[in-house]
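For reference, the structure is listed below as structure tokens.
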């Protein structure tokens, strides 16, 4: 799918504040985002820091309205950096966020570089272990995957992950 | 030497009802809770090193609010990369206070490495436009009076003594109670 279509779908669902650490999986989409005047992006130094920044979105908004939803852009190699923030912050206080995770190492060797093989194989298992919901983005399921994931995030008031393989967003 | 409890009390005397105050895990949150349990306090009772990141997100997205973050030397050093990150965004409504007792007091007072370098100089080198290191209560008072004017991002390094308070209570609210009343304070 086209990067503009991807961001338009997120913006249409109220997401316009992101923080993160870039990933080559959505390099083109990243460039579109940072040039989008309707998206505020804070380039973080680590994935847990990005989650802390994006979690603040939950608290801002108008009185009486449910809190907002911030987004994190990251590579799956940073999932380990998120674990303490998830277990002792977002999952404990029940503060939601959308994690857009580039899925490096998908399918294992010989795909991608060796440093991505182990996390590539285990990425969904980390989210399963933490009971963090996730959806796998496919070229033709943007709306349905997002709607399912965001409904889950809002109902449980916790983070959820959208896993993005190389080539799905152009 | 300033006792940390006394430093937090001094900070609170400059915090107004509408201000937001985010405190790091461990004794700092417990002491703040004991001194003044206000709805605009967010006790980050876990996630060491994350308080300044959330404070940055709040300061950017709630520019009409003044945001104070209270953390220790241990939590500041755990995510030292947030110093240049905060400085690069430079929200003028953020007052960053590091209570530096050169120790991990919450876990028994084990020494930290902040005795070997100056976190205020580190923040200045990272790009903070205004930093102060204070060693006594008069200097702290002067620094707080200047920092709260809110014209630029500021950082105060408060050199503290180790003075554990016997029997200090834990934060008694549930995490969701802390979250909900803080959300109301942010939106008010």
Against the definition (at the interface with chain A (Cβ under 10 Å from one of its Cβ atoms) and either modelled with pLDDT under 95 or surrounded by fewer than 24 Cβ atoms within 10 Å (Cβ to Cβ) (or both)), how does residue B:57 come out, yes or no? no
Could you tell me whether any residue of the range A:161-170 is under 28 Å from residue B:51 (Cβ atoms) and either surrounded by 22 or more Cβ atoms within 10 Å (Cβ to Cβ) or in contact (Cβ under 8 Å) with a residue 40 or more places away in the chain (or both)? yes
Name every residue in the range A:1-20 that is more than 18 Å from residue A:167 (Cα to Cα) and surrounded by 19 or more Cβ atoms within 10 Å (Cβ to Cβ), in order of residue number. A:10, A:15, A:17, A:18, A:19, A:20
Can you find, within the range B:104-119, the residue that is nearest to residue B:64 (Cα to Cα) among those that are modelled with pLDDT of 95 or more and buried (at least 20 other Cβ atoms within 10 Å of the Cβ)? B:119
Here the residues within the range A:56-85 that are crowded, with 24+ Cβ neighbours inside 10 Å, over 26 Å from residue A:38 (Cα atoms) and facing another protein chain (nearest Cβ under 10 Å) are A:85
Which of the residues that make up the range A:79-129 are in a helix (DSSP H, G or I) and within 15 Å of the chain's Cα centre (by Cα)? A:79, A:80, A:81, A:82, A:83, A:85, A:86, A:90, A:123, A:124, A:126, A:127
Go over the candidates B:70, B:50 one by one and state the one that is buried (at least 24 other Cβ atoms within 10 Å of the Cβ), within 14 Å of chain A (Cβ to nearest Cβ) and either in contact with a helix residue (DSSP H, G or I) (Cβ under 8 Å, 6 or more places away or on another chain) or farther than 16 Å from residue B:160 by Cβ (or both). B:50
Hey, could you check the range A:23-67 for residues that are touching a strand residue (DSSP E or B) at 6+ places or on another chain (Cβ under 7 Å) and outside any helix (DSSP H, G or I) and say which is nearest to residue A:137 (Cα to Cα)? A:23
Candidate set: the range A:148-159, residues that are over 18 Å from residue B:175 (Cβ atoms) and touching a residue at least 40 places away in the same chain (Cβ under 8 Å); chosen: the one surrounded by the fewest Cβ atoms within 10 Å (Cβ to Cβ): A:154
Hey, can you tell me all the residues within the range B:125-146 that are in a helix (DSSP H, G or I) and touching a residue at least 60 places away in the same chain (Cβ under 8 Å)? B:137, B:140, B:141, B:144, B:145
Taking the conditions exactly as written (touching a residue at least 40 places away in the same chain (Cβ under 8 Å), in contact with a strand residue (DSSP E or B) (Cβ under 9 Å, 6 or more places away or on another chain) and over 26 Å from residue A:87 (Cβ atoms)), does residue B:93 satisfy them or not? yes
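The values are calculated or read from the model by the stated rules, or taken from the named source; none is laboratory data. In this text, all values refer to a predicted model and were calculated from it rather than measured experimentally. With ideal geometry, Cβ positions are generated from the backbone for all residues, glycine too; neighbour counts draw on all protein chains shown.
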